[in-house]
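**Student:** Supplied in C-alpha cells, the structure appears directly below.
The values are calculated or read from the model by the stated rules, or taken from the named source; none is laboratory data. Owing to the predicted nature of the structure, the values given are computational and were not obtained by experimental measurement. Backbone-built Cβ (ideal geometry, glycine too); neighbour counts: all protein chains shown.
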Amino acid sequence: MPKYDVVIIGSGLGGLFCGNILSKEGMSVCILEKQKHLGGNLQTFKRDGKIFDTGIHYVGGLGEGQNLNQYFKYAGIVDRLNLERLNMDAFDKINFQDKTYSYAQAYDNFIETLAQEFPNEKEALIKYTNEIKKICNEFPLYNVRPNLGKDNEHMYYERSVGDFIRSITPNKILQNVLAGNNLSYAGVPGKTPVAIHALITNSLIEGAYRFEDGSHQVADLLIESIQSNGGTLMPDCEVVKLNVKGGKVVSAELKNGEIIESEQFISAIHPTLTLAMTNSKLLRKSYRKRIHEIDETISVFAIYVSFKPDSFKYLNYNYYHFNEGSVWSIPNYNPERWPQEYLFLTLPTSKSKKYAETATAMTYMKYEEVKQWENSGIGSRGSDYEEFKKYKAELLIDQINKQYPGFKSGILNYYTSTPLSMKSYTGTRNGSIYGIQHNSNEPLKTRIAPRTKIPNLLLSGQNVNIHGVLGVTIGSVLTCTELLGMEYLLDKIKKS
Ligand SMILES: Cc1cc2nc3c(=O)[nH]c(=O)nc-3n(C[C@H](O)[C@H](O)[C@H](O)COP(=O)(O)OP(=O)(O)OC[C@H]3O[C@@H](n4cnc5c(N)ncnc54)[C@H](O)[C@@H]3O)c2cc1C
C-alpha cells in the first residue's frame, strides 16, 4: 500500500491550497518542496530587521461575501489574516502623461472617480464596468458555483484585452488609463485574453487588500492547517522523477534518491518541469510540444528599499507610473529607454500606520539582458553583474524620486532582484513573472487543464487557470474537484 493518498509537488499557494483541501477532506497528503523554505511566492525575506514580500503585494476579493474570502473561509484561514484594505477612493493610482488617475473601490465609486477626470466618458465607464461584471459572471468557480460546462468562459479567452478596451471608448487617454494596472497581469494588448483583465480588475474593485507584516502569513496558516489535518510537508526535497508503471505514476523520486509512493500525484510547479520528470508515452509528443511552445510572461527587475526611521510616509495605494505614450509597455519594450514604467508600493506593518519601513518597485526586464550571467551560481556572478544591478537600481530610484521627492534621501539600504533571481527562485522559464502567457489568438493552445493523460497525475498552480492569489486558489479548487467531485466540493465551500 502506498504511504500517501496524494503527493503534491511544490509548496507555493497552488500546492498548499490543494493540500489544505485534500487533507481537510480526509486524504493523507504529503507536500514535497525543493527549497529549504515552504511557500513559494508567498515567502517573505528580512533585511535590516524588516519584512519584504516577494511575490504577493496586493489581492482582491477578500471582503466579506467575496470570492477569495469564501475560499479562505473554507480553508479556515480568513479570520486569522492581518489585512489592510487599500484606499477606498484610490487603491491604484495610474500616472500617465504627467497626470494621476485613481481606481476607486466599489463600482459606483470607480465610475464617479474616473468620471471626474473624464466628464464626457461617463457612459463609457458604465459600459466598461457592466461588461467586466458580465464577463466575470461567466466564470462559475470565480462565483463559487460548480462548473457544469454551461458557461461561456471560453469566449473571453478568445478576445484580447486590447480589442475589448478599444471597444469601450475611442478616447485614447481613457483607454490607457483603463489598462493602467496591466503590470499586474503582464498584459500584451493583442494577446492577453480579456478574461484575465476582467477577473483581476473586478476582484480589486470589489475589495483591494494588502497583507500587513507580509504575505507569508497565508503560507503559515495553510501549513498549520495541513499539519493539524495530519498532512506531511517536506522542505528541501526536490522531485526529479516521476516513476510510471502500468499506466500510472507509482512514486516520486527525490534528488537525494528517496522514493515517495502515493495513489495520486498533483504537480503544482511549471508544467514543462513536470513533463521533464517522466518520458511516459501516455503524455503524447503533441501534448509535450504544445506545452513547450507556450510563451512565458516577461520577467521583472525589482528593488526592495529599507527606509531610515520615519522618513517616508506609508502609501495605502499602488502607484503605476508610465514614461511613454502608451501603458502597454511589453510590445514596446526597449532597453534603451528603460525603465518605461514601474509599479511602486509600500508594505503595511503593525508597527506604524504613518510611516513605511520598506518599499518595493518593479519594472519589466527581459531575460536576455542578464542571460550572460546565467551559468554562474548565485553570489559568484562577478562585479560586472553587481555593477549592472546598481546602475539599473539607481535609474529606477531616480525615476521614483521625481514622483516622490524625498524618496531617495529616505533610503537606508536597497536590495535588488533580476530575471536571474526570479528564475532561480520561482523555477519559471526565463524568470517569467506570472508563468505562461495566455494568448487570445491561440486560446486552446495556451490553456492547461488540470487533468493529464496519466490518470493519477494532475496539474495545479498558476499555469492552470490564471496566476495570482485568487487565480491560483481557484485553480487549486479546480484541480481538487478532479478527486472530490465538482458539486460536492463547491457545496462544501459554499456552506463553510
Ligand atoms: C514579483 C511578483 C509579484 C507578484 N505580485 C502579485 C500580487 O501582488 N498579487 C497576486 O495575487 N499575485 C502576484 N504575483 C503572482 C503570484 O505570486 C503567483 O501567481 C502565485 O504565487 C504562484 O503560485 P504557485 O503555487 O503556482 O507557484 P510558486 O509560488 O512559484 O510555487 C511553486 C513551488 O514549487 C517548488 N518547486 C519547483 N520545482 C520543484 C521540484 N522539482 N520539486 C519540489 N518543489 C519544486 C518551488 O520551489 C516553489 O516553492 C506576483 C508574482 C511575482 C513573481
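**Student:** Got a sec? Which of GLY231, GLY207 is under 30 Å from MET88 (Cβ atoms) and surrounded by 16 or more Cβ atoms within 10 Å (Cβ to Cβ)?
**Tutor:** Within the list GLY231, GLY207, the selection yields GLY207.
**Student:** Considering each residue of the stretch 48-60, count those that are among the small types (Gly, Ala, Ser) and near the ligand (Cβ under 7 Å from one of its atoms), and give that number.
**Tutor:** Count: 1.
**Student:** Quick check on the stretch 361-403: of everything there that is buried (at least 19 other Cβ atoms within 10 Å of the Cβ), of a type in the set (Val, Ile, Thr) and within 16 Å of the ligand (Cβ to nearest atom), which residue is nearest to PHE344 (Cα to Cα)?
**Tutor:** Checking each candidate, the answer is THR363.
**Student:** Of all the residues that make up the stretch 305-318, how many are out of contact with any Asp or Glu (no Cβ under 8 Å at 6 or more places or on another chain), surrounded by fewer than 23 Cβ atoms within 10 Å (Cβ to Cβ) and either assigned to a loop (DSSP other than H, G, I, E, B) or not charged (D, E, K, R) (or both)? Even if it seems obvious, please write down each step before you answer.
**Tutor:** Just the residues of the stretch 305-318 that are out of contact with any Asp or Glu (no Cβ under 8 Å at 6 or more places or on another chain), to begin with: 305, 308-315.
Now narrow it down to the ones that are surrounded by fewer than 23 Cβ atoms within 10 Å (Cβ to Cβ): 308-315.
Filter once more, so that each one left must be either assigned to a loop (DSSP other than H, G, I, E, B) or not charged (D, E, K, R) (or both): 308-312, 314-315.
Residues meeting the conditions: 7.
**Student:** Being touching a residue at least 24 places away in the same chain (Cβ under 8 Å) and either exposed (fewer than 15 other Cβ atoms within 10 Å of the Cβ) or in the same structural domain as PHE96 (by TED's automatic domain parsing) (or both) is the filter here; which residues of the stretch 271-286 pass it? Write out each step before concluding.
**Tutor:** Residues of the stretch 271-286 that are touching a residue at least 24 places away in the same chain (Cβ under 8 Å), as a first pass: 271-274, 277-278, 280, 282-284.
Across the stretch 271-286, the qualifying residue is only ARG284.
**Student:** Still on this structure, please answer the following. With part of a loop (DSSP other than H, G, I, E, B), closer than 14 Å to PHE17 by Cβ and near the ligand (Cβ under 8 Å from one of its atoms) as the only criterion, which of GLY461, GLY471 stands out?
**Tutor:** Being part of a loop (DSSP other than H, G, I, E, B), closer than 14 Å to PHE17 by Cβ and near the ligand (Cβ under 8 Å from one of its atoms) holds for just one of GLY461, GLY471, which is GLY461.
**Student:** So LYS408 passes all but one of these: (1) more than 16 Å from the ligand (Cβ to nearest atom); (2) touching a residue at least 24 places away in the same chain (Cβ under 8 Å); (3) more than 27 Å from VAL188 (Cα to Cα). Which condition number does it fail?
**Tutor:** Here LYS408 clears every test but (2).
**Student:** Tally up the residues in the stretch 98-138 that are in a helix (DSSP H, G or I), charged (D, E, K, R) and more than 28 Å from ASN323 (Cα to Cα), please.
**Tutor:** Number of matching residues: 6.
**Student:** Can I ask one more? Suppose we filter the stretch 444-458 for residues that are within 18 Å of LEU484 (Cα to Cα) and either outside the structural domain of CYS18 (by TED's automatic domain parsing) or of a type in the set (Lys, Arg) (or both); how many remain? I'd like the intermediate steps shown before the answer.
**Tutor:** Of all residues in the stretch 444-458, those within 18 Å of LEU484 (Cα to Cα) come to 449-452, 454-458.
Pick out the ones that are also either outside the structural domain of CYS18 (by TED's automatic domain parsing) or of a type in the set (Lys, Arg) (or both) and you get 451.
Total meeting the criteria: 1.
**Student:** Within 11 Å of the ligand (Cβ to nearest atom), at pLDDT 95 or above and not small (Gly, Ala, Ser) - does that describe any residue in the stretch 94-107?
**Tutor:** No, because not a single residue in the stretch 94-107 is within 11 Å of the ligand (Cβ to nearest atom), at pLDDT 95 or above and not small (Gly, Ala, Ser).
**Student:** Can you confirm whether the stretch 480-492 contains a residue that is modelled with pLDDT of 95 or more, within 11 Å of the ligand (Cβ to nearest atom) and out of contact with any strand residue (DSSP E or B) (no Cβ under 8 Å at 6 or more places or on another chain)?
**Tutor:** no
**Student:** Separate question: Residue by residue through the stretch 1-47, note down the ones that are in a loop (DSSP other than H, G, I, E, B) and within 12 Å of the ligand (Cβ to nearest atom). I'd like the intermediate steps shown before the answer.
**Tutor:** To start, the set of residues in the stretch 1-47 that are in a loop (DSSP other than H, G, I, E, B) comprises 1-3, 10-12, 25-28, 33-39, 43.
Result: GLY10, SER11, GLY12, GLU33, LYS34, GLN35, LYS36, HIS37, LEU38, GLY39, GLN43.
**Student:** TYR74 versus (1) touching a Lys or Arg at 6+ places or on another chain (Cβ under 8 Å); (2) touching a residue at least 40 places away in the same chain (Cβ under 8 Å); (3) part of a helix (DSSP H, G or I); (4) not assigned by TED's automatic domain parsing to the domain that holds GLY485: which is the lone unmet condition?
**Tutor:** (4)
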